[in-house]
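See below for the structure under consideration.
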Amino acid sequence: ININKLENCEVQLAIAAIDNLPAVSEVEPYHKTAIDKVRAACDSLTAEQLGKVTNYATLTALETAFNEKFEVVVEMTAENNGYLARPATWLGTNYTIGYSADETYGNLIVMNPVAKVTEAHNAFECTLTDALDATKYDKVCFYVYNGSDSDKGLFVRFDGGTYIPSFMTLKSGWNKVEMTVEQFNTLNILGIGSVSQTSAVYKFSDIYAVKKTSAG
């Protein structure tokens, strides 16, 4: 193996990966997965190789833009049991809760069906340790995958109050969900309403806070 050719190939791969990232003006919360992946690739290069990555400044500018706009406030991982307590006992019999990762959306909590159900609601309990500061953040957002072939409702409950079976309509596939900081701070049930398909899988991404701008 020609080491010089191999090292040059790694440089070219890094350049191509950075070129495939979004523009700074178009960065969205879910882009964190791609940004982190490219960052890891660049960190694996030698200093000499990194000096040859001609668009490296684009990556650092994008990282700065992301960190100025967004903050991960809940990671959907098995280790994060401080927030995701367990499947709600009265809603967790039709689905089990698992964890996964996606190349685009990163960490995921996954609701896997275990029984045929008709118009049931399936959700998990949320326990927020520290409330978000509404003076620092504009809103909260995350992504939900609706694995069924029909629209579903995002099922929520705030502060032990009334259950809302359709906080928003979830189209088949991936959906971006937004709520106010005040709503998020009192969220204690999150799931899917009116589930009726045995084969449908539902997924929830990490939760991001959108920072207020200096003008806001």
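The numbers here are math on the coordinates, done by the rules we state, and not lab data. These numbers were taken from a predicted model, which means no experiment stands behind them. Positions of Cβ are backbone-derived with ideal geometry, glycine not excepted, and every protein chain shown enters the neighbour counts.
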Pop the C-beta distance of Ile15 and Thr64 into the FRET formula with R0 = 25 Å and round what comes out to the nearest 0.05.
0.80
Top mean-square fluctuation among Leu50, Leu59, Leu170, Gaussian network model of the chain, C-alpha springs under 10 Å?
Leu50
Step through the table entries Lys136/Lys176; Lys32/Lys52; Lys152/Lys211; Lys37/Lys211, compare each Cα-Cα distance with 26 Å, and write down the pairs that go over it.
Lys152/Lys211
Here FRET efficiency (C-beta to C-beta, Asp151 to Gln183, R₀ 22 Å, nearest 0.05) is 0.55
Helix 3-19 axis, angle to the chain major axis (alpha carbon atoms, nearest 10°):
50
Label point distance in nm, Trp174-Val72, each placed 7 Å from Cα along Cα→Cβ
1.5
Taking GluC sites (Glu not before Pro) as exposed when DSSP calls them loop (any state but H, G, I, E, B) and at most 12 other Cβ atoms lie within 10 Å, what is the longest stretch of the chain free of them, the sites themselves excluded?
120-216
Sorted by Cβ neighbour density within 10 Å, fewest at the top, the residues Ser205, Ser194, Ser166
Ser166, Ser194, Ser205
Have a look at Asn20, Asn67, Asn175 and tell me which one the Gaussian network model of the chain (Cα, springs below 10 Å) gives the largest fluctuation.
Asn20
Work out how much length Leu6 to Thr46 would gain on full extension: take 0.36 nm times their residue separation and subtract the Cα-Cα distance, in nm to one decimal.
13.2 nm
Check Lys211: other-chain or 5+ apart residues with amide H under 5 Å from its amide H, H built from backbone geometry?
Phe70, Glu71, Asp138
Restricting to Cα pairs under 8 Å and 6 or more apart, the percent relative contact order of the chain works out to 23
Extending each Cα 7 Å along its Cβ direction at Asn55 and Ala23, get the distance between those two points in nm, one decimal.
1.3
